[in-house]
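Notes follow once the structure below has been shown.
The values are calculated or read from the model by the stated rules, or taken from the named source; none is laboratory data. Not measured: the values here are computed from a predicted model. Cβ placement follows ideal geometry from the backbone for every residue including glycine, while neighbour counts extend to all protein chains displayed.
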Amino acid sequence: MAGIDLVQLRKAYTVDQRRIPILNGLDLSIPEKAITVVLGKSGCGKTTLLRLIAGLETPDSGQIQLPGNQRTAFVFQEPRLLPWLSVQGNVQFPLKRAEIQPDETRWMLRTVGLTGFEQALPHQLSGGMQQRVALARALLYHPTLILMDEPFAALDHFTRVEMQQALLDIQQKTGASILFVTHSIDEAMTLGNKLVILAGGVIRSAYTLTDPHPRDLLGSEMIELRRRIMEDINTH
């Protein structure tokens, strides 16, 4: 599978008869089998970008060049579980009956740390466990691309760290391409192979991280990278 290319992508919304531009000729290459993280201030178009790639909205102009065999899953900030279905039922929900393989479901639940909770209902789970269900549901769909819109933002610090590690482990096992949106610079530096700064409707800067995981965010190079990213975000 080749990567994904966004070419001169434009999108605007009409609010109170005013045309508000969100994306202004955005160009972005999303490499395959890697985690690309998008950073930017609120309202800069991060979620719009994900929705356009997912096909939930249509760009005003420009191109989204996807491989022919693209299979996309979306993980939202809220788990969006069906309250009347068990963990197993929620994970298998997007699949057709013929696609359900019990052994694979058990493997996926074990991978995200939910063994023993197969029959639990969403209200019986913590927020972090619910987000694990959402992640397992997306992965069991066998996506080549996973879009993640601040999926760990509502979690406490310790659960967020656990989920970040789970995501890294799963990405290494499955080789899926991930486009991850966050407000957290530390989260971006922890997860990303490629970091892009979105501002003014375009990609203002991009950084490639080659350090293996886990990363020392207190090292001199990482401290300098954090400073540069903060400067990029606050300048535009």
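Quick rundown of the values:
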item	result
Which listed residue is surrounded by 15 or more Cβ atoms within 10 Å (Cβ to Cβ) and either farther than 18 Å from A136 by Cβ or at pLDDT below 90 (or both), from L85, L56, L49, L81	L49
Residue under evaluation D103, criteria (1) without any contact (Cβ under 8 Å) to a residue 40 or more places away in the chain; (2) of a type outside the set (A, V, I, L, M); (3) not assigned by TED's automatic domain parsing to the domain that holds A136, criterion not met	(3)
Helices (runs of 4 or more DSSP H) (entirely within region 118-236) containing at least 3 residues that are surrounded by fewer than 18 Cβ atoms within 10 Å (Cβ to Cβ) and at pLDDT below 90	157-174
Flag if G55 is at positive phi and outside the structural domain of Q130 (by TED's automatic domain parsing)	yes
E187 being within 27 Å of L114 (Cα to Cα) and not polar (S, T, N, Q)	yes
Selected residue (only one of T182, T208 is in contact (Cβ under 8 Å) with a residue 60 or more places away in the chain and touching a strand residue (DSSP E or B) at 6+ places or on another chain (Cβ under 7 Å))	T182
Conditions (1) under 16 Å from V196 (Cα atoms); (2) in a loop (DSSP other than H, G, I, E, B); (3) out of contact with any Ser or Thr (no Cβ under 8 Å at 6 or more places or on another chain); number of the one not met by G25	(2)
Among residues of region 59-69, those that are touching a residue at least 40 places away in the same chain (Cβ under 8 Å), of a type outside the set (D, E), outside any strand (DSSP E or B) and surrounded by fewer than 16 Cβ atoms within 10 Å (Cβ to Cβ), counted	2
Restricting region 35-44 to residues that are outside any strand (DSSP E or B) and out of contact with any helix residue (DSSP H, G or I) (no Cβ under 8 Å at 6 or more places or on another chain), the residue that is nearest to D186 (Cα to Cα)	S42
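Each row is one residue, and each column tells you yes or no for (1) of a type in the set (A, V, I, L, M, F, W, C); (2) under 30 Å from G128 (Cα atoms); (3) assigned by TED's automatic domain parsing to the domain that holds A154.
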{"site": "D5", "(1), (2), (3)": "no, no, no"}
{"site": "I20", "(1), (2), (3)": "yes, no, no"}
{"site": "G25", "(1), (2), (3)": "no, no, no"}
{"site": "T36", "(1), (2), (3)": "no, yes, yes"}
{"site": "N90", "(1), (2), (3)": "no, yes, no"}
